[in-house]
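Notes to accompany the following structure.
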Amino acid sequence: MQDFIQKLPKVELHLHIEGTLEPELMFELAKRNQVNIPFNTPEEVRAAYQFTNLQSFLDIYYQGADVLIHEQDFFDLTWAYLLRCQADHVIHTEIFFDPQTHTARGIAFETIINGISGALTKAKQELGISSHLIMCFLRHLSEADAIETLQQALPYKDKIIGVGLDSSEKGHPPEKFTRVFQMARDAGFIPVAHAGEEGPASNIDDALNLLGVQRVDHGVRCVEDEKLVQQLAETRMPLTVCPLSNIKLCVFDNMQQHNIVELLRKGLCVTINSDDPAYFGGYMTDNFMAVANAHPMSHSELAQFTLNAIEASFISAEEKSRMTSEVTAYLSNFRAA
Ligand code: HPA
Ligand code: ZN
């Protein structure tokens, strides 16, 4: 199973680039940029990654991002993630970034976007990995702040396919961002949002109805509303589920309790993703392995997670068809061998 999962072509749809900052790179950048961090070794950083909920993670995650200052830093961060993609047979990835985390510290929008997209271009050319970028609004900040961020993004519209919504879900429901999502949709950005991670199933309904999202990030609390589950299955509305993240942030007690396989078998378009792999203990292969170890599953069910991700991605119909063929060929070659 390990070998099948390792080499299975994968598509990632829920990945925060700031969440790929490994402690070693954090130290290197802290030194390079003369930023103080409250740790003495990368091991000390890892030991601090004991979270009790989403907020306890976010506090340490935003602090970690302080070492990112120059375009080269954003490039190095993104390139390191893309090398992980190569190792894990990720053929396409749709990446979130949080501009407000950086612009609030005086970093120019241009610095962030040029660093990240420089690495994405190089990965397409040298590694054959395709990608899209999605800009997230931080939901603990105001809608006015999000609108300002949307305006800063307009000159870079060709580099950003969509807008998302992340950070603290409790106390910051989708309705707070109705206007900025309308503006983003009018400007041609594809909307997605985190909903139903720590917040109730009604946040998923509201993300669909008030924000018009085309994918729901996490969405695992949909099971609290039977009618919603049925609707998600019928409409094939994608959920970008992050198994290791959900365990680390105590959304489920353990992987046996996780509902991703139950949702797959109910016909929902669920996908496997790594969210913030440097903080949650694993990249794409690790997430697939963790689910497979806790839930006995067939090879074709495992491959279905990739087929769902291709269906849920924002690539062209031609690219979807090419990637689908790649996965079905992999599955039949594996069976023949
Ligand atoms: N939820 C909300 N905000 C986030 C997450 C998440 O899983 N990861 C990074 N920012
Ligand atoms: Zn996330």
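The values are calculated or read from the model by the stated rules, or taken from the named source; none is laboratory data. Quantities reported herein were computed from a predicted structural model and do not represent experimental measurements. Here the Cβ is made from the backbone with ideal geometry for all residues, glycine too, and neighbour counts use every protein chain on show. Calculation scope for accessible area: heavy atoms of the full protein, side chains included, ligands and nucleic acids excluded. Shrake-Rupley method; radii C 1.70, N 1.55, O 1.52, S 1.80 Å.
What to note about this one:
- Cβ-Cβ FRET estimate between residue 236 and residue 86, R0 fixed at 45 Å, reported to 0.05: 0.95
- Shape category assigned to the stretch 183-337 from the gyration tensor of Cα positions, a/c cut at 1.5: oblate
- Shape call, the stretch 34-157: gyration tensor on alpha carbons, a/c limit 1.5: oblate
- Backbone geometry of the stretch 226-235 corresponds, through the Karplus equation with coefficients 6.51, -1.76 and 1.60 at θ = phi - 60°, to 3J(HN,Hα) couplings of 4, 5, 5, 4, 4, 5, 4, 5, 5, 8 Hz, x marking Gly and Pro.
- Label point at residue 300 placed 7 Å out along Cα→Cβ; residues across the stretch 316-337 whose backbone nitrogen lies under 16 Å: 325, 327-337
- At q = 0.17 Å⁻¹, base-10 log of I(q)/I(0) for the stretch 127-254 (Debye sum, equal scatterers on each alpha carbon): -0.88
- Close amide-amide hydrogen proximity is noted between residue 258 and no other residue 5 or more places distant or on a separate chain, at a cut-off under 5 Å (H modeled in the peptide plane; Pro and chain starts excluded).
- Loop-located trypsin sites (Lys or Arg not before Pro) in the stretch 173-248 (DSSP state not H, G, I, E or B) with no more than 15 neighbouring Cβ atoms inside 10 Å: 236.
- Rounded to the nearest 10 Å², the accessible area of residue 156 at probe 1.4 Å: 50
- The chain: most fluctuating residue of 106, 128, 282 per GNM, C-alpha cutoff 10 Å: 106
- Table column - 3J(HN,Hα) (Hz), the stretch 32-46, Karplus curve with 6.51, -1.76, 1.60, x for Gly and Pro: 4, 9, 6, 9, 7, 10, x, 9, 9, 9, x, 5, 5, 4, 4
- Cα-based shape type of the stretch 283-337, given that a ≥ b ≥ c are square roots of the gyration tensor eigenvalues and the cut on a/c is 1.5: oblate
- Across the protein chains, with a 1.4 Å probe defining accessible surface, the residues 167, 56 rank 56, 167 from largest area downward.
- The Cα trace of the chain gives Rg and Dmax of 18.8, 57 Å, the first to one decimal, the second as a whole number.
- Net lengthening on full extension, residue 257/residue 105 (0.36 nm per residue, minus Cα-Cα): 50.8 nm
- Ranking 75, 96 by solvent-accessible area of protein heavy atoms (1.4 Å probe, all protein chains present), from largest to smallest, gives 75, 96.
- Whole-Å distance, taken between Cα centres, linking the stretch 17-45 and the stretch 267-337: 31
- For residue 225, no residue has an amide H sitting under 5 Å from its own, ignoring neighbours fewer than 5 places away on the same chain, with H placed 1.01 Å from N.
- Using θ = phi - 60° and Karplus 6.51 cos²θ - 1.76 cosθ + 1.60, couplings along the stretch 309-319 (whole Hz; Gly, Pro as x): 5, 5, 4, 7, 6, 9, 8, 6, 4, 5, 5
- Within a Gaussian network of the chain (alpha carbon springs, distance under 10 Å), most fluctuating of 242, 222, 250: 250
- Residue of 150, 239, 83 that the Gaussian network model of the chain assigns the largest fluctuation, springs spanning Cα pairs under 10 Å: 83
- Here residue 324 and residue 127 are evaluated by their C-beta separation; at R0 = 22 Å the FRET efficiency comes out at 0.60.
- 1, 183, ranked by accessible area, largest first (probe 1.4 Å): 1, 183
- Of the trypsin sites (Lys or Arg not before Pro) in the stretch 60-161, the ones in a loop by DSSP (not H, G, I, E or B) with at most 15 other beta carbons within 10 Å are 105.
- Relative contact order for the chain, counting Cα pairs under 8 Å that sit 6 or more residues apart, in percent: 19
- A Förster radius of 41 Å, combined with the Cβ-Cβ distance separating residue 33 from residue 56, puts the computed FRET efficiency at roughly 0.95.
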